[in-house]
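Asker: Handing you a structure now.
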Amino acid sequence: MMICKRATELMSQRLDRPLTWKEKVSLRLHLSMCGACKQCNRQFELLHLAGQRLDEERHAQGEDSGSH
Ligand SMILES: [Zn+2]
């Protein structure tokens, strides 16, 4: 059974690289049993979405000033 520390690591790594199916399965299994990590996973997802939006905005703004 996966420990919470490992689950949190996977949640964080998932933002940087695709997880292997093994990692996905064990993470999902852990999340289905652990309420604390489920909450944590939600935070990561929100962070990830916020990060994507920031990237898009930065990209849109950078196109004007970066062309010189
Ligand atoms: Zn946990």
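Asker: Out of the residues in segment 7-25 that are in a helix (DSSP H, G or I) and among the acidic types (Asp, Glu), state the one that is farthest from Leu49 (Cα to Cα).
Answerer: Start the filter on segment 7-25 by keeping residues that are in a helix (DSSP H, G or I), which leaves 7-13, 21-25.
When the remaining residues are screened for being among the acidic types (Asp, Glu), the result is 9, 23.
On the way: Glu9: 18, Glu23: 21 Å.
So the residue we want is Glu23.
Asker: Take the residues in segment 3-22 that are of a type outside the set (Gly, Ala, Ser) and surrounded by 17 or more Cβ atoms within 10 Å (Cβ to Cβ), then tell me which one is nearest to the ligand (Cβ to nearest atom).
Answerer: Of segment 3-22, the ones of a type outside the set (Gly, Ala, Ser) are 3-6, 8-11, 13-22.
So of that shortlist, the ones also surrounded by 17 or more Cβ atoms within 10 Å (Cβ to Cβ) come out as 8, 10-11, 14.
Working: Thr8: 8, Leu10: 11, Met11: 10, Arg14: 15 Å.
Residue satisfying both the conditions and the ranking: Thr8.
Asker: Something else about it: Within segment 28-55, how many residues are within 10 Å of the ligand (Cβ to nearest atom) and in a helix (DSSP H, G or I)?
Answerer: Initial filter on segment 28-55 (within 10 Å of the ligand (Cβ to nearest atom)): 30-31, 33-41.
Okay, now just the ones that are also in a helix (DSSP H, G or I), so 30-31, 33, 35-41.
Of the residues in that region, 10 qualify.
Throughout, read-outs are computed from the coordinates displayed, never taken from laboratory work. Quick caveat, the model's predicted, so the values are computed rather than measured. So basically every Cβ, Gly included, is an ideal-geometry build from the backbone, and we count neighbours across all protein chains shown.
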